Amino acid sequence: MNVRGRPMRTIWPAAGGHTIEIIDQTKLPHELLVVGLHSLADAARAIRTMQVRGAPLIGATAAYGVALAVAEDPSDAGLAAAVEALAATRPTAVNLRWALAEMERVLRILPEDRRHTAALAQAGEIAEADVAINRAIGGHGESLIAAARRKGADARVDILTHCNAGWLATVDWGTALAPIYRAHDDGIPVHVWVDETRPRNQGAGLTAWELAEHGVPHTVIVDNAAGHVMREGLVDLCIVGTDRTTAGGDVANKIGTYTKALAARDNDIPFYVALPSPTIDWQIESGSEIPIERREAREVTHIEGWSDDGRRVAVRLTPPESPAANYAFDVTPARLVTGLITERGVCPASRAGLLQLFPEHHD
């Protein structure tokens, strides 16, 4: 994707492979800062503190975190400790567990003196596969956007999204935003309604930033306005991402997604979920089995931004004596999902639908 007119990714190895560079997403949209990860601890902290976030990018960062770890301690014990430390950083996104399993599968059978080189290569393959998957998701989703041009050939398509499922949530392209980028680049007039996505405001701060950088027309709205713009006929379809999708088609995404799906159903608006196949958890059927991360209350009680004089400041929103609950995700049941957009095509949100595209997962 483009940043200030030049292509950029979210993560990449520096020369020599002993440093992994990332965009520090906690500083966006006001500052574009690239930081280096030099150790397992750095990688784990980057995931935990959301310097990197989004299920696919978390997986890629974890893979590179393993490479950093085995550079210091390539033993079986060191590998196991790295996997355990990284797995504990974020409980909801299944890509994390998948990427760690892939790294362990490849490295466990190798002698210690080959593990660092192999780990870098495998992490690179995971990153490149993510790019290819998301590009394919974009192609399949673009056809849905093109079909939504019901107002006339020259009319724009209005799309509502929630949280950030663009290239900042992946290595490149994104999931929910990949179809939008493909459509925009191919000349289909699109406009995106960007939910602010409290409490961390990934929509207002990240989705809006990357859409602006790429030149895609968009408008930021408060989360509670989404139902209103749907009811006013200003939304043609919704596309969101997911951090974990069950084998039965339930999806866990950033808190507030469920209420958007309810509003879309009430207004007969298609509600699509874009997901790379590593985000599918074939081990569970129901969304009730997905662990929902609860983050610190400060993300709800305080908000960060930039003052008019250029200072980054945090202000309290709530009374000091008021407790706050910070549920990071919710689950949208499959019955509210019009379809799942994967790298292999679009399917119904059901086990049967997913198995049509991924028959290798038949029992």
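Sites count as exposed loop sites when they are trypsin sites (Lys or Arg not before Pro), lie in a DSSP loop, and have at most 10 other Cβ atoms within 10 angstrom; the longest stretch of the chain without one is 151-310.
Expressed as a whole percent, the accessible area of the range 1-149 that falls on carbon and sulfur atoms is 54 (1.4 Å probe).
Judged by the mean number of other Cβ atoms found within 10 Å, the most tightly packed of the peptides 355-361, 247-253, 267-273 leads the ranking 247-253, 267-273, 355-361. Using bins of 5 Å that start at zero, the share of Cα-Cα pairs per bin across the range 39-86 amounts to 5, 27, 34, 20, 10, 4, in whole %. Kirkwood radius for the range 100-247, taken over all pairs of different Cα atoms as the inverse mean of 1/r, rounds to 16.8 Å. Helices of the chain meeting both criteria, an alpha-carbon length of 27 angstrom or more along the long axis and an average Kyte-Doolittle score not below -1.0, with helices taken as full DSSP H segments, are 115-147. For the range 336-348, putting each phi into the Karplus relation 6.51 cos²θ - 1.76 cosθ + 1.60 with θ = phi - 60° gives couplings of 9, 9, 5, x, 9, 9, 10, 5, 9, x, 10, 9, x Hz, in residue order, rounded to whole numbers and with x for Gly and Pro.
Considering helices alone, the calculated mean residue ellipticity of the chain at 222 nm is -11000 deg cm²/dmol, with DSSP H runs of length four and up weighted by -39500 (n - 2.57) and normalised per residue.
Its alpha carbons considered, the range 179-234 gives a radius of gyration followed by a Dmax of 11.8, 34 Å.
Per residue, the accessible area of the chain comes to 41 Å², computed with a 1.4 Å probe over protein heavy atoms only.
Working from label points 7 Å from Cα in the Cα-to-Cβ sense, the residue 27 to residue 317 distance is 2.5 nm.
Stokes-Einstein, applied to the Kirkwood radius of the chain over Cα pairs at a viscosity of 1.567 mPa s and 4 °C, places its translational diffusion at 62 µm² s⁻¹. Quick check: Cα centre of the range 327-363 to Cα centre of the range 1-70, how many Å? Centre-to-centre (Cα) distance: 29 Å. Could you tell me the relative contact order of the chain? Use alpha-carbon pairs under 8 Å, at least six residues apart, and round to a whole percent. After rounding, I find 15 percent. For the range 156-262, the relative contact order works out to 32 percent when only alpha carbon pairs closer than 8 Å and six or more residues apart are counted. Note on the range 203-253: with neighbouring protein chains present and a 1.4 Å probe, carbon and sulfur make up 48 percent of its accessible heavy-atom surface. Using only the Cα atoms of the range 217-303, each taken as one equal point scatterer with no solvent, compute I(q) by the Debye sum, divide by I(0), and report log10 of the ratio at q = 0.16, 0.25 Å⁻¹. The calculated log intensity ratios at q = 0.16, 0.25 Å⁻¹ are -0.77, -1.21.
The values are calculated or read from the model by the stated rules, or taken from the named source; none is laboratory data. What you see is a predicted model, and the numbers here were worked out from it, not measured in a lab. For neighbour counting, all protein chains shown are included, and Cβ atoms are generated from backbone atoms with ideal geometry for every residue, glycine included. These accessible areas exclude ligands, DNA and RNA; they are computed on the full protein's heavy atoms, side chains included. Shrake-Rupley method; radii C 1.70, N 1.55, O 1.52, S 1.80 Å.
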